[in-house]
1. Looking at region 27-45, I want the residues that are within 23 Å of THR71 (Cα to Cα) and in contact (Cβ under 8 Å) with a residue 40 or more places away in the chain and have a partner that is assigned to a helix (DSSP H, G or I) and basic (Lys, Arg) with Cβ atoms under 8 Å, at least 6 apart or on another chain. Which pairs are those?
2. So, in region 37-60, how many residues would count as being within 20 Å of GLY90 (Cα to Cα) and basic (Lys, Arg)?
3. Considering each residue of region 37-59, count those that are farther than 25 Å from ARG18 by Cα and surrounded by fewer than 17 Cβ atoms within 10 Å (Cβ to Cβ), and give that number.
4. Just the residues that are closer than 15 Å to PRO99 by Cβ, out of contact with any strand residue (DSSP E or B) (no Cβ under 7 Å at 6 or more places or on another chain) and surrounded by 14 or more Cβ atoms within 10 Å (Cβ to Cβ), please, taken from region 60-82.
5. Exactly one of these conditions fails for ALA85: (1) touching an Asp or Glu at 6+ places or on another chain (Cβ under 9 Å); (2) assigned to a helix (DSSP H, G or I); (3) surrounded by fewer than 14 Cβ atoms within 10 Å (Cβ to Cβ). Give me its number.
6. With respect to VAL24, is the statement that it is in a helix (DSSP H, G or I), touching a strand residue (DSSP E or B) at 6+ places or on another chain (Cβ under 9 Å) and either surrounded by 10 or more Cβ atoms within 10 Å (Cβ to Cβ) or hydrophobic (A, V, I, L, M, F, W, C) (or both) true?
Amino acid sequence: MAEIELKPRQTVKPKVERPKLHKVILVNDDFTPREFVVRVLKAEFRMGEDLAHRVMVTAHQKGSCVVAVFTRDVAETKATRATEAGRRAGYPLLFTTEPEE
């Protein structure tokens, strides 16, 4: 009877890379009422009243503020929806996204 040569199986596990994260940034303007900005932050980003107010004040004082960090698709969707909420109300409210370093 012939001898059977057995070779160990090699298991290759593909490395799954974590998705790159993107920051959603609130850009300050001098026309959108503070109360409206807080309302949008609470509605779109599910922030509490106190946190939304602090984010709005930080953007007002520094010119912009990171609101949240998400995967690219989620960040772009939330930024677009928040910006469109401002446009529908007639305000120049602007949210942008950029890759997190």
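Read the figures in this text as sums done on the coordinates, not as results from a lab. Model, not experiment: these values are computed from the prediction. A quick note on method: Cβ atoms are made from the backbone with ideal geometry, for glycine too, and the neighbour counts reach across all protein chains shown.
1. GLU44/LYS78; GLU44/ARG81
2. 2
3. Of the residues in region 37-59, 10 are farther than 25 Å from ARG18 by Cα and surrounded by fewer than 17 Cβ atoms within 10 Å (Cβ to Cβ).
4. VAL74
5. (3)
6. When the stated conditions are applied, VAL24 does not pass them.
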